[in-house]
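Have a look at the structure below before the remarks.
Please treat every number below as a calculation from the coordinates, not as lab data. Just so we're clear, the structure is a prediction, and the values are computed from it rather than from any experiment. All Cβ positions, glycine included, derive from the backbone under ideal geometry; neighbour counts span all protein chains shown.
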Protein chains: 2
Amino acid sequence: MKEVSKLMDFRADIKVVDATLRDGGLVNDFRFSDSFVKDLYNANLRSGVDYMEFGYRADKEMFNVDDFGPCKFCDDDYLYSIVGENNTDLKIAIMADVGRCNYKQDIHDRSESPVDLIRVATYLHQIPTAVDMIEDAKNKGYEVSCNIMAISTARESDISAALDILGRSSVDVFYIVDSFGSLYPEQIARMADLYGEFAAKYNKKLGIHAHDNQHLAFANTIEAVGDGVDWLDATYSAMGRGAGNCAMELLLGFLKNPKYNIYPVLQFIEKHMNKLKEGGAVWGYDLQYLMTGLLNQHPRTAIQFTKDGRNDYSEFYKEIISQE
Amino acid sequence: MKEVSKLMDFRADIKVVDATLRDGGLVNDFRFSDSFVKDLYNANLRSGVDYMEFGYRADKEMFNVDDFGPCKFCDDDYLYSIVGENNTDLKIAIMADVGRCNYKQDIHDRSESPVDLIRVATYLHQIPTAVDMIEDAKNKGYEVSCNIMAISTARESDISAALDILGRSSVDVFYIVDSFGSLYPEQIARMADLYGEFAAKYNKKLGIHAHDNQHLAFANTIEAVGDGVDWLDATYSAMGRGAGNCAMELLLGFLKNPKYNIYPVLQFIEKHMNKLKEGGAVWGYDLQYLMTGLLNQHPRTAIQFTKDGRNDYSEFYKEIISQE
């Protein structure tokens, strides 16, 4: 059993990362108003959040700018228009997907950007490119983290091999990512153990990014806190793809570091999040996400089920088990 | 770290208790149609649920029968009308609240009732009456469990004293009840440890009844499974007072005993539960329940906030912290 003090005291190394615009943007094609983004920035400042992820730096030769809001691309000019010189304790992050970001061209020197942290997202079969992106970002002056996605369908031996390669790179943080929302807390503990071996060997930090398919995003995140994971992703009202993520309001309620404050989060949700839902953005736990999580499948079929306005859950279950 | 086998294998001692009509009845004054109740009984039969709790055996001299549906009182005649002689593996349970049940008069001999299990619910200060109810039910031939409520505001020494008294009674199962939805998985593990000492000493079983204020009802329930708790309460679509309970669909998805089957649960939810919500029944996680859970308060203020159709969360937060 873990130390009692974990619940009463706090670990100063914890970093809270607000991923609302990035993972939430997958729900509404990043169509957030400037007032939403500015209010979110201010709420994060006031609530003591450590990093705010603004979205992706997607390749404009692959994605049409008219099809998405600005957080799909996170131009430095756009970010400056929101955060100015950002002379605050809140650091700015963007995500760069392997294969969807023209990083050599589109990620500029840190001195010309308000961004502090580049989050490289990769599948296991793309690790060498991820390493190239990590070194590129590091050379340009950024902090760098790496998310290995879809690990719930990977072998531990492959994950170990990837962590050993990443360990020798300049990356600062390894992220445990439960892309399909299929992991239970005990499995998170085991993953933290595995990732922790390589983090200790190569002097890296650990992070977690959870999904709520089985209603466990928050539970898995606080399990990870007890297992030595320091970087914690959360989103306001759990907004994120499919079943959504770990809710910021739950996480800040749990963390005992006096620098965190739940109140600005409540104010922001009250002002903006229900309005977003009323405007048609749909996310959050529902049976179709539970089912893909249980079966350890990508949630794309469940997202389509949601988009189609279906509620014939038992028919959907038969469809997806026949794909096994 | 717990054994890996816990996630792959199963413990045959696990009992799943469907509390939909009882805890869910608190949401809609027990106004369930006969077809709802019959379909639920059949869904439980087909999904391998072990016990089905039909509601309370409330005292008709205290509560007006016109103000509630039949599951508030669970007359034996009513139960017979749903389950007949119940020649099945599914056992029937009712709850008897200390101070709200005229047990000597209203709980009849087991030979005259389709009920198998009497669930006595008590606060710490009512333990002697609870013991009297336990012995009364036991003498009449029933299995008996006991829920000690509101333990998150109790001292461990008081809980220990209560468990020592209950241990010497004829009760079969001690239930860990997180009435306010304020406990984290690590605290559940500690509670299971404390309750487990007395369960071992007096040869009793352990149960858990969780609430979802902090989105942890399922996580706390499966934490308890790993800690040796055998009796697990759940409700369809997590229907229950305030933030609701551990969802049956999540629990049956998790349990690996081949006798459990999630499919009839999905079918029932599809047919009945969304309709219930559309009909005006409101339950489930929302910020007001998070707040009372965080502050370890009774959810009654949050329930009122919900009934009043309010969404000024930050104002509510100020109201309840000023009551501290």
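Working note: Karplus 6.51/-1.76/1.60 with θ = phi - 60° gives region A:128-134 the couplings x, 5, 4, 4, 4, 5, 4 Hz, where Gly and Pro are set to x.
With a 10 Å Cβ neighbour count serving as the proxy for reagent exposure, in which order, fewest first, do A:ILE134, A:ILE269, B:ILE159, B:ILE118 appear?
Details: A:ILE134 25, A:ILE269 22, B:ILE159 18, B:ILE118 28.
So the ranking, lowest neighbour count to highest, is B:ILE159, A:ILE269, A:ILE134, B:ILE118.
Remark on A:LYS15: its backbone amide H falls under 5 Å from those of A:TRP231, A:LEU232, a criterion applied only to residues 5 or more positions apart or on other chains, H modelled at 1.01 Å from N. Taking θ as phi - 60° and the Karplus parameters 6.51, -1.76 and 1.60, the scalar couplings of region A:74-80 work out to 6, 3, 4, 4, 4, 4, 4 Hz in sequence order, x denoting glycine and proline. DSSP bridge analysis restricted to the protein assembly as shown gives an antiparallel fraction near 0%, rounded to the nearest 5.
Do the alpha carbons of any pairs in A:LYS60/A:LYS104; B:LYS15/B:LYS205; B:LYS205/B:LYS256 sit beyond 18 Å of each other, and which pairs? Write down the numbers at each step before the final one.
Values: A:LYS60/A:LYS104 13 Å; B:LYS15/B:LYS205 10 Å; B:LYS205/B:LYS256 20 Å.
Those over the limit are B:LYS205/B:LYS256.
Between B:ASN102 and A:VAL282, the modelled label-to-label distance comes to 5.1 nm, taking each label 7 Å out from Cα in the direction of the beta carbon. Chain A residue nearest by beta-carbon to the axis mapping A to B, with distance in Å: A:ALA219, 2. Ordering A:PHE316, A:PHE218 from the fewest to the most neighbouring beta carbons within 10 Å gives A:PHE316, A:PHE218. Projecting 7 Å from Cα along the Cα-to-Cβ direction, the label point of B:MET62 sits 6.4 nm from its equivalents in the other copies, listed shortest first. Backbone phi angles across region B:138-155, fed through the Karplus curve with coefficients 6.51, -1.76 and 1.60 (θ = phi - 60°), yield HN-Hα couplings of 4, 5, 7, x, 8, 6, 9, 10, 9, 9, 8, 8, 6, 6, 6, 10, 9, 6 Hz in residue order; Gly and Pro are listed as x. Full extension of the chain between B:PHE63 and B:GLU315 yields a length gain of 87.3 nm, computed as 0.36 nm times the residue separation minus the alpha carbon distance.
Can you find, among B:PHE32, B:PHE68, B:TYR51, the residue sitting farthest towards the positive end of the charge dipole of region B:1-73, where Lys and Arg contribute +1 and Asp and Glu -1 at Cβ? Farthest towards the positive end: B:TYR51. B:ALA200 label point (Cα plus 7 Å toward Cβ) to equivalent points in the other copies: 2.9 nm, shortest first. About the centre of its Cα atoms, region B:127-215 shows a dipole size close to 180 debye [charges on the beta carbon of Lys, Arg (+1) and Asp, Glu (-1) only; nearest 20 debye]. In terms of modelled amide H atoms, which long-range or inter-chain residues lie less than 5 Å from the amide H of B:MET52? Amide H neighbours of B:MET52, under 5 Å, 5+ apart: B:ASP18, B:LYS91, B:ILE92, B:ALA93. Under the combined filter of DSSP loop state and at most 12 neighbouring Cβ atoms within 10 Å, region B:9-107 retains these GluC sites (Glu not before Pro): B:GLU61, B:GLU85. Here the protein assembly as shown is treated with +1 on each Lys and Arg Cβ and -1 on each Asp and Glu Cβ, and its dipole about the Cα centre works out to around 260 debye. In terms of its C-alpha gyration tensor, region B:5-278 has a rounded overall shape, because the principal axis ratio a/c (a ≥ b ≥ c, square roots of the eigenvalues) stays below 1.5. From helices alone, chain B scores -12000 deg cm²/dmol at 222 nm; the rule is -39500 (n - 2.57) for each run of n ≥ 4 DSSP H residues, then divide by the residue total. By the rule of a C-alpha distance below 18 Å, with chain neighbours fewer than 8 residues away ignored, the aspartates and glutamates paired with B:LYS318 are A:GLU249, A:GLU270, B:ASP286, B:ASP308. Each copy carries B:ARG300; placing its label point 7 Å along the C-beta direction from Cα gives inter-copy distances of 5.3 nm, listed from smallest up.
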